[in-house]
1. What's the local net charge at V38, with K and R +1, D and E -1, over the other residues with C-beta under 15 Å away?
2. If I model a spin label at S37 and V68 as a point 7 Å from the Cα along the Cα→Cβ vector, what separation in nanometres do I get?
3. Roughly how big is the range 1-102's charge dipole about its Cα centre, with Cβ charges of +1 (Lys, Arg) and -1 (Asp, Glu), in debye to the nearest 20?
4. Among rounded, prolate and oblate, which fits the range 1-90 when a ≥ b ≥ c are the square roots of the eigenvalues of its C-alpha gyration tensor, a/c under 1.5 means rounded, and a/b larger than b/c means prolate?
Amino acid sequence: MISLNYRDSRPIYEQIKDGLRKLIVTGAIGTDEKLPSVRSLATQLSINPNTIQRAYNELEGEGYIYSVPGKGSFATGETGAGTVRRRELFEKARELLAELKYLGVSQEELMALLEEEPSGGAPAGARKEETR
């Protein structure tokens, strides 16, 4: 379900939050599906329950989950969650594009990059340079 990387520079609660967000967005956790309790997930991951609670609180603030007192936490539909995350991703994209422009990447190269199919690897141009 969620894997933690203790060498990652991100705090554990952020890794949990990102893992749960990914499961919700990809549909692995369906709309209105109950999430594991704070205690059970903390036991499963062998971490402090306060860490799980912090991740759940932030996901609730972002609209990805909602809590029902006495019942637990549940995944929301995509309506509330998408807006906040979309804003965050656009801001990250702007920062990355600004840095690429600073490094001398042309507008045409940026457009070509946006049109490429996601492959999980380096852009095609980067692979050609490595083999030379």
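1. For residues surrounding V38, the net value is +3.
2. 1.6 nm
3. Details: 15 positive and 13 negative charges, 21 e Å.
Dipole about the Cα centre, nearest 20: 100 debye.
4. Details: a/c = 1.76, a/b = 1.15, b/c = 1.52.
Oblate, because a/c is 1.5 or more while a/b does not exceed b/c.
A short reminder: the numbers here are calculations on the coordinates, not readings from a lab. Every value quoted in this text rests on a predicted model; they were computed, and no experiment measured them. Methodologically, a virtual Cβ is constructed for each residue, glycine included, from the backbone with ideal geometry; neighbour enumeration extends over all protein chains shown.
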